[in-house]
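What follows is a short report on a single structure.
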Amino acid sequence: MKTYNCEFLCVGGGVGGLMAAIAAGKKGADVIIAEKADTRRSGSGANGNDHFHCYIPECHGTDTERVYREIGSSFDAGPWVDMELTKVWIDRSFEVIQMWEDMGINMRPTGVWKFEGHGMPGQQLYNLKFDGALQKSCLTREAKQQGARILNHIIIHDLLADKDGRLAGAIGVDISEEIPETVMIQCEAVLLATGMVSRMYPSITPAYMFNTPCCPATTGDAQAMAYRFGARLVNMDMLNGHAGPKYFARGGKGTWIGVSTDIRGNTFTPYNSKPSRATGDITADVWPTCYRDRLKKGKGPTFMNCTETSPEDLDYMLHTAMVSEGIDSITDYCEHYGIDLSSDMVEFGTYPIMMGQRGIEIDTHARTSVPGLYAAGNCTGNVNGSLCGAAVFGMTAGEDAADYVKNTKDISRIDPADIQKYEDLYQDLLSRSDGAHWKEAASSLQNIMNEYASADQQSEDMLNAGIEYMRQLKANCYKELGCSNSHELMRSLEVLNMIDLSEPIFLCSRNRKETRGPHVRCDYDFTDITLNGKFQTIYKERNGTVHMDYRYKR
Amino acid sequence: MPPIIDVKKCKACGYCAEICPLDVLYLNKQIRKLIVRYPEECWHCKACVKDCPVNAISIRYPLSHMMLHFPKEGLK
Ligand SMILES: Cc1cc2nc3c(=O)[nH]c(=O)nc-3n(C[C@H](O)[C@H](O)[C@H](O)COP(=O)(O)OP(=O)(O)OC[C@H]3O[C@@H](n4cnc5c(N)ncnc54)[C@H](O)[C@@H]3O)c2cc1C
Ligand code: SF4
Ligand code: SF4
C-alpha cells in the first residue's frame with residue numbers, strides 16, 4: 001500500500017478539483033489532487049467547453065439585482081438551486097475569467113468579450129463564448145505552479161475517519177499498472193469533485209454504456225462517498241438529464257446554431273423561429289425531455305434543424321465552436337458520413353438521467369455538512385455545477401479549506417485496522433478472476449434504475465421493489481464480482497458506488513409523496529402546496545439511521 | 001472499433017494511454033506496442049487524436065452510434 005500525507009485532498013482533477021487546488025495552493029496549503037484519469041484531459045471539460053456563464057460589470061452594467069433576477073430565473077439557475085449560492089457564482093465569475101485568461105485560456109477569441117448562445121428571450125446574454133479546448137492543460141499547469149501534487153490514475157473509493165470519527169483522509173486504488181495498488185491519503189480536509197453520474201441509467205444506446213453526453217468516467221463516486229460518510233445530500237428526487245444528437249450522445253447542445261423543429265420544419269416552442277447565432281435556441285435547455293415527450297405523444301421525431309443557418313455560421317459552428325467545445329467528433333462524423341447540415345436535419349433525443357446538480361449539499365463556502373469536507377461542481381445538489389459553478393465553488397472550497405487546515409491540526413492517525421476492510425474487499429474482487437464481470441452488475445443496476453426509479457412514472461410499490469432489488473444486487477456483487485486487473489477493479493468499484501448512490505435516490509423519491517416537475521408519482525398525482533419552495537435533504541448516520549427532511553430554498 | 005492506431009507512425013511513447021479519460025488505451029512496455037484494449041469504453045472524445053505527437057490516431061465512429069438525420073426536403 002502507498003501512503004501519502006497532505007493538508008487538503010482534491011478528489012477528482014476536473015474543473016472544480018483543479019480550481020480548488022489552485023486556490024488552496026495560493027494560500028499556502030499542502031495539496032494533493034487524486035484523479036482517476038489524467039487531469040490534462042479528464043472529465044466533462046476534457047476537450048473543451050465554449051460557454052462560460054458569467055457577469056462582467058463592464059458588459060452587463062452595475063445593476064446586480066437585475067443580473068441576479070435574470071440569471072436566477074433562467075434555466076442556468078433553475079428551480080432546484082439556492083439563490084444564495086447562485087449569487088456567489090455570479091459575483092465571482094469575472095474573477096475566474098480574468099484568472100483563466102492569465103493562465104493562457106482563450107477567453108476572448110475575437111479580442112472582445114462576446115456573449116453568444118443559451119440566450120433567454122428578453123434578457124441580457126450572460127454566456128461568454130470562449131475557447132476552452134486547452135483549458136485542462138492550462139489549469140493543470142497552474143495547479144502545479146501553486147505547488148499541488150497531482151496523482152493521476154488513482155480512483156478514490158472512500159473517505160476515512162480518525163478514531164474520533166472525524167474526516168482524516170481517503171482510500172483508493174492506483175490503477176496505473178496492471179496490478180492495482182491500494183493508496184491511502186491522510187489529510188485534514190477533502191474536496192469531492194468527481195462530476196456527473198453518467199452511467200447509472202442505460203445510455204441512449206443501452207448496449208453501449210459509454211455512449212454518454214458527459215464524461216463516462218464520472219460515476220457518482222463523490223455522492224456515494226459523501227452519503228456513506230454522513231454528509232447531507234439534496235434534491236436526489238429531482239431526476240434530470242440532457243439532450244442532444246441521437247444516437248451519438250454528445251454534450252454541448254448550446255453550441256448548435258439552429259432551431260428545434262418537427263420533421264416538416266415547424267418550430268414548437270415560442271423562442272426562435274429562425275436560427276440565431278446570438279441567442280441559439282434554448283428549447284433543449286429549458287425542455288430537455290421534449291424529444292422523449294413528443295415521441296410518446298406521437299409528435300416525433302424532433303430535430304435540430306440548421307438548414308436555415310447561414311453558410312458562414314454553419315462553418316463557424318462546425319469548425320470553430322465545436323472545436324472549442326470539444327465536440328468536433330460531430331464535425332468528423334458529418335464529414336465521414338456525408339451529412340450536410342444545410343439540407344439534413346439531425347434528430348435530437350432526450351438522454352438518460354445523469355443527476356447533474358443533484359447531490360451533495362453545500363453552503364456559500366462550498367462546505368458540506370461534515371466538517372472539513374467540501375464539494376464542488378456537478379456532484380453538488382443545490383447550485384449550478386456546470387463550468388462556472390464548478391470553477392467558482394472549487395475556488396471557494398480551496399480558499400476555505402486552506403484556512404480550515406491551519407486550525408485543524410489535531411486529527412489523529414487513521415487506524416490501520418480500518419484500512420484492512422478495503423484491502424480485503426480489493427483482494428476478494430481480484431481473487432475471483434473468473435467471477436462476475438463488472439458489466440453484468442452494471443447492466444442490472446441500469447435496468448433496475450430505469451424501471452424502478454423511472455424518469456417517467458414512479459409509485460411507492462415500484463420504489464419499494466427497486467430498493468429490495470438493489471439490496472439483492474449489492475449482496476450478489478459482494479459475493480460474485482471478480483476482476484483480473486486494475487482497470488476492471490476500477491470499473492467494479494464504480495458500480496459498487498453507484499449501487500450505494502441508488503439508496504438516497506430511491507428513499508427521497510419514495511418520501512416525496514406528490515408530483516412536481518420531473519418527479520412524477522402515479523400514486524400521488526397532485527402537487528402538495530405545503531412543499532412549495534422546499535428542497536428535500538437526506539443524510540445517513542454511520543449507524544445506518546437515515547434522516548430525510550424538507551427545508552426552504554435559500 | 002473506435003481509435004485506430006497507424007502502427008507505421010506510432011512511436012509507442014504511451015502519451016495517449018496516459019491521457020485517455022477512459023483508460024481505453026494501453027502501452028505494452030515489453031513489446032513496445034500501443035494496444036486499444038477496451039474499445040467499447042471509448043467516449044470518442046478525440047483527446048488521443050489531438051495529443052498524439054505524430055498524428056498516428058484516427059477514430060472510427062461505430063454504426064451503433066449512428067447520428068440520425070433526415071433530409072429537409074422529405075423522403076426522396
Ligand atoms: C461536451 C461537453 C460540453 C460542455 N460544455 C459546457 C459549456 O460550454 N459550459 C458549461 O458551463 N458547461 C459545459 N459542460 C459541462 C462542464 O464541462 C461540467 O459541468 C464541468 O466540467 C464540471 O466540473 P466538475 O469538476 O464538477 O467535473 P469534471 O470536470 O467532469 O471532473 C470530474 C473529474 O473527477 C474525476 N473522477 C471521477 N471519479 C473519480 C474518483 N472516484 N477518484 C478520482 N477522480 C475521479 C474524473 O476523471 C474527472 O476528471 C459541458 C460538458 C460536456 C461533456
Ligand atoms: S501518442 Fe501516438 S505515438 Fe504515442 S503511443 Fe499513442 S499513438 Fe503511439
Ligand atoms: S477518443 Fe477519447 S476515450 Fe477514445 S481512446 Fe481516444 S482519448 Fe480515449
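Since every read-out is calculated from the coordinates, none of them should be taken as a lab result. Note that the structure is predicted; figures quoted are calculated from it, not measured. Here the Cβ is made from the backbone with ideal geometry for all residues, glycine too, and neighbour counts use every protein chain on show.
Listed values for the stretch A:42-53 are Karplus-derived 3J(HN,Hα) couplings in whole Hz (6.51 cos²θ - 1.76 cosθ + 1.60, θ = phi - 60°), namely 10, x, 6, x, 3, 10, x, 8, 10, 10, 10, 5, and x replaces Gly and Pro. From largest to smallest, the equivalent ellipsoid semi-axes obtained for the stretch A:187-289 from the alpha-carbon gyration tensor read 33, 16, 12 Å.
Any idea what the dipole of the stretch A:357-440 comes to, in debye rounded to 20, about its Cα centre with Lys/Arg Cβ at +1 and Asp/Glu Cβ at -1? Don't skip to the answer; put the middle values down first.
Numbers: 8 positive and 13 negative charges, 40 e Å.
Computed about the Cα centre, the dipole is about 200 debye.
Note on A:T527 and A:T545: the model spin-label points, each 7 Å out from Cα along the C-beta direction, lie 3.5 nm apart.
In percent, rounded to a whole number, the relative contact order of the stretch A:243-350 is 36, using alpha-carbon pairs under 8 Å and six or more apart. For the pair A:R141 and A:S176, what calculated FRET efficiency results from E = 1/(1 + (r/R0)^6), where r is the Cβ-Cβ distance and R0 = 30 Å, to the nearest 0.05? That gives a FRET efficiency of 0.90. Taken one residue at a time, the phi angles of the stretch A:94-104 give Karplus couplings (6.51, -1.76, 1.60, θ = phi - 60°) of 5, 4, 5, 4, 5, 5, 5, 5, 4, 7, x Hz. Gly and Pro are set to x. Summarised as an ellipsoid, the stretch A:130-191 has semi-axes of 27, 17, 10 Å, derived from the eigenvalues of the Cα gyration tensor scaled by 5 and square-rooted, with the largest first.
Which shape class, rounded, prolate or oblate, goes with the stretch A:243-350 when its Cα gyration tensor gives a ≥ b ≥ c as root eigenvalues, a/c under 1.5 marks rounded, and past that a/b bigger than b/c marks prolate?
Details: a/c = 1.57, a/b = 1.39, b/c = 1.13.
Prolate is the answer for the stretch A:243-350, as a/c is 1.5 or above and a/b outweighs b/c.
Full extension of the chain between A:S273 and A:N5 gives 90.7 nm of extra length, using 0.36 nm per residue less the Cα-Cα distance. In the stretch A:441-500, the convex hull through the Cα atoms has an average projected area of 4.0 nm², a quarter of its surface area.
Computed from backbone phi with θ = phi - 60° and the Karplus coefficients 6.51, -1.76 and 1.60, the 3J(HN,Hα) list for the stretch A:469-480 is 5, 5, 5, 4, 4, 4, 4, 4, 4, 5, 8, 10 Hz; x is used for glycine and proline. Which parts of the stretch A:350-369 would a label at A:Y552 reach, counting a residue when its backbone N lies under 13 Å from a point 7 Å out along Cα-to-Cβ? No residues fall inside that zone.
Taking every alpha-carbon pair in chain B and binning the separations at 5 Å intervals from zero gives 3, 15, 26, 21, 12, 6, 5, 5, 4, 2, 1, 0 percent.
Size descriptor for the stretch A:333-402, Kirkwood hydrodynamic radius: 14.4 Å (Cα pairs only, one decimal). Within a Cβ distance under 12 Å of A:V520, other residues only, what is the Lys/Arg minus Asp/Glu net charge? My count for the surroundings of A:V520 gives -3. Distant-in-sequence amide contacts of A:H53, defined by a placed amide H-H separation under 5 Å and a gap of 5 or more residues or a different chain, comprise A:L128, A:C388.
Which whole-number percent is the relative contact order of chain A (Cα, under 8 Å, 6+ apart)?
On the way: 1280 pairs, mean separation 111.3, N = 554.
Answer for chain A is 20 percent.
Of all aspartates and glutamates in the structure, the ones whose alpha carbon falls short of 20 Å from that of A:K87, not counting any fewer than 8 places away in one chain, are A:E58, A:D63, A:E65, A:E70, A:D76, A:E95, A:E361, A:D363, A:E399, A:D400.
Label the stretch A:314-357 by shape, choosing from rounded, prolate and oblate, from the square roots a ≥ b ≥ c of the eigenvalues of the Cα gyration tensor; if a/c is under 1.5 it is rounded, and otherwise prolate applies when a/b is larger than b/c, oblate when it is not. Spell out each step's value before the answer.
Working: a/c = 2.39, a/b = 1.49, b/c = 1.60.
Oblate, because a/c is 1.5 or more while a/b does not exceed b/c.
Eigenvalues of the alpha-carbon gyration tensor of the stretch A:244-304, scaled by 5 and square-rooted, set the equivalent ellipsoid semi-axes at 17, 14, 10 angstrom, largest first.
Where the convex hull is taken over the Cα atoms of the stretch A:1-123, what is its projected area averaged over directions, in nm²? If you wrap the Cα atoms of the stretch A:1-123 in a convex hull and average its projections, you get 10.0 nm².
Using only side-chain charges placed at the Cβ, +1 for Lys and Arg and -1 for Asp and Glu, the dipole size of the stretch A:416-552 relative to its Cα centre rounds to 340 debye.
Which of the listed residues, B:V7, A:W80, A:L493, is farthest toward the dipole's positive end in the protein assembly as shown, when Lys, Arg count +1 and Asp, Glu count -1 at the beta-carbon? After comparing all options, I get B:V7.
Projection of the Cα convex hull of the stretch A:416-552, averaged over all directions and equal to a quarter of that hull's surface, yields 9.8 nm².
Since only A:I538, A:I56, A:S484 are under comparison, the one whose Cα sits farthest along the positive direction of the charge dipole of chain A, derived from C-beta charges on Lys, Arg, Asp and Glu, is A:I538.
Each Lys and Arg adds +1 at its Cβ and each Asp and Glu adds -1 at its Cβ; summed about the Cα centre, chain A shows a dipole of about 700 debye.
Where the alpha-carbon atoms of the protein assembly as shown are placed on the principal axes, they occupy 69, 68, 51 Å, in descending order.
Fraction of C-alpha pairs exceeding 20 angstrom in the stretch A:39-191: 63 percent, rounded to a whole number.
Going by C-beta contacts inside 10 Å, put A:Y201, A:Y316 in order with the fewest on the left.
Details: A:Y201 26, A:Y316 16.
Placing the least packed residue first, the sequence is A:Y316, A:Y201.
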